[in-house]
1. Looking at region 89-105, can you tell me whether even one residue there is more than 15 Å from the chain's Cα centre (by Cα), over 21 Å from residue 42 (Cβ atoms), assigned by TED's automatic domain parsing to the domain that holds residue 40 and touching a residue at least 24 places away in the same chain (Cβ under 8 Å)?
2. Within the group 49, 53, which residue is assigned to a helix (DSSP H, G or I), under 18 Å from residue 110 (Cα atoms) and either modelled with pLDDT under 90 or in contact with a strand residue (DSSP E or B) (Cβ under 8 Å, 6 or more places away or on another chain) (or both)?
3. For residue 129, are the conditions met, namely being in a strand (DSSP E or B) and either surrounded by 17 or more Cβ atoms within 10 Å (Cβ to Cβ) or in the same structural domain as residue 83 (by TED's automatic domain parsing) (or both)?
4. Mind listing whichever residues of region 102-123 are over 18 Å from residue 55 (Cβ atoms) and surrounded by 12 or more Cβ atoms within 10 Å (Cβ to Cβ)?
5. (1) surrounded by 21 or more Cβ atoms within 10 Å (Cβ to Cβ); (2) in contact with a helix residue (DSSP H, G or I) (Cβ under 6 Å, 6 or more places away or on another chain): which one isn't true of residue 85, the others all being true?
């Protein structure tokens, strides 16, 4: 009997916390479940990927974006990339490997409570530019760096 009571209390607490988080906006189901713009990741060129993810492909180079990636990636399957920015009002950060068959590697939607910093590992098929695109105040800004790949990570 004690075990059933404990299980009931545990389940009720979990359901109550989840409902409260959704109700207050702390937990937004679309973000929590990893919703994404499929068209951006299916796009075969940088322009199409940016348009699908951020509404436009028009971006301006900015020195307020710091893109850290290796000069040479020995294995294209695990290329470490870090993006940060000193800009304000950032809504999203995307990372693009321009020579990949599907250039969009990742997009991160941020809120004002988030620090504009992303660190991840991407796959690169071959040597190309890695482009970080930041959406701030409705405009796109970018920084790029060429990464030389010795062994392709996208099946190559």
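The values are calculated or read from the model by the stated rules, or taken from the named source; none is laboratory data. Just so we're clear, the structure is a prediction, and the values are computed from it rather than from any experiment. Glycine also receives a Cβ, built like all others from the backbone with ideal geometry; neighbour counts cover every protein chain displayed.
1. yes
2. Result of the check over 49, 53: 53.
3. Yes, satisfied.
4. Across region 102-123, the qualifying residues are 102, 105, 114, 116, 117, 118, 120, 121, 122, 123.
5. Failing condition for residue 85: (2).
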